[in-house]
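Chemist: One structure, pasted below without further comment.
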Amino acid sequence: MGAGFFLGFSLILAIGAQNAFVLRQGLKGEYVLPLVLTCAISDALLIAAGVAGFGALVLAFPLVVSLAKWGGAAFLIVYGFLSFRSALREGGALEAQGKTATGLWAAVSTCLLLTWANPHVYLDTVVLLGGISAQYSPSWGFGIGAVVSSFVFFFSLGYGASLLRPMFTSPRAWRVLDALVGVVMWGIAAKLILG
């Protein structure tokens, strides 16, 4: 279980589109529980698929990865553009009582898209973790460790963001965060497109 936990944690630790979205929502205190559950449960399903041997199936049908690659890149380009546009606007400070117009289903849908339209999730989680799990006996123990790491990571990210909340009462801090999110989104999109 320990090996699965640490490898799983290391794979999701790097800031990516999904993590940036959860961090931003955690800072705003909006829909944190549904979003961290969406991310962690999605990871659990993907890890279970990998441990069950579906990594070979993903490799056998590269069209699935290709569709996710181009669809994910297009979504990230648009999301990055929106982040840059938000960074250029005035205002945007975190207000204690202010909620954005984004609803729960829009937030969960965005989270699902950032998760399931990312081809790296299939390669890293299903293929890589699934392949490595076969080296452990029982492989499901390795998988449980990876699933636990996902829950720990996303709950820590979503709820730990509240510790940074005082810093984000400044509109300037939000604009910097939005610009960084835009850079991350476009960087990942470029990586997907360029291979």
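The values are calculated or read from the model by the stated rules, or taken from the named source; none is laboratory data. This one's a predicted model, so the numbers in the text were calculated from it and none came from an experiment. Note that each Cβ is placed from the backbone with ideal geometry, even for glycine, and that neighbours are counted across all protein chains shown. Surface areas here come from the heavy atoms of the whole protein model, side chains and all, with no ligands, DNA or RNA. Shrake-Rupley method; radii C 1.70, N 1.55, O 1.52, S 1.80 Å.
Chemist: Using a simple spin-label model with points 7 Å from Cα along the Cα→Cβ vector, what separation in nm is obtained for VAL176 and SER162?
Modeler: 2.4 nm
Chemist: Go ahead and run the numbers for FRET between ALA3 and THR169, Cβ-Cβ distance against an R0 of 35 Å, rounding to 0.05.
Modeler: For ALA3 and THR169, the calculated efficiency is 0.25.
Chemist: Another question, then. Can you give the percent of C-alpha pairs in region 115-195 whose distance is more than 21 Å?
Modeler: 53 percent
Chemist: Same structure again: Using 0.36 nm per residue of separation minus the Cα-Cα distance, give me the extension gain between LEU37 and SER10 in nm, one decimal.
Modeler: Answer, rounded to one decimal: 7.8 nm.
Chemist: Report the percentage of all Cα-Cα pairs in the chain whose separation exceeds 28 Å, rounded to a whole percent.
Modeler: Summing the P(r) tail past 28 Å for the chain gives 27 percent.
Chemist: Starting from the amide H of SER170, placed 1.01 Å from N in the peptide plane, find each other amide H under 5 Å away whose residue is 5 or more places distant or on another chain.
Modeler: Residues meeting the criterion, in which the H sits 1.01 Å from N, are LEU94.
Chemist: While we're on this one: With unit charges on the beta carbons (Lys and Arg positive, Asp and Glu negative) and the dipole taken about the Cα centre of the chain, which residue among ALA107, VAL183, SER139 sits farthest to the positive side?
Modeler: My answer, from the dipole projection, is VAL183.
Chemist: Can you work out the FRET efficiency for the pair LEU128 and LEU194, with r the C-beta to C-beta distance and R0 = 25 Å, to the nearest 0.05?
Modeler: Once rounded, the FRET efficiency stands at 0.75.
Chemist: Any chance you could run the full-extension gain for TRP70 through GLU30? It's 0.36 nm times the residue separation minus the Cα-Cα distance, nm to one decimal.
Modeler: 11.5 nm
Chemist: While we're here: Tell me, what % of the accessible area of the chain is carbon and sulfur with a 1.4 angstrom probe?
Modeler: Percent of accessible area from carbon and sulfur atoms in the chain: 73.
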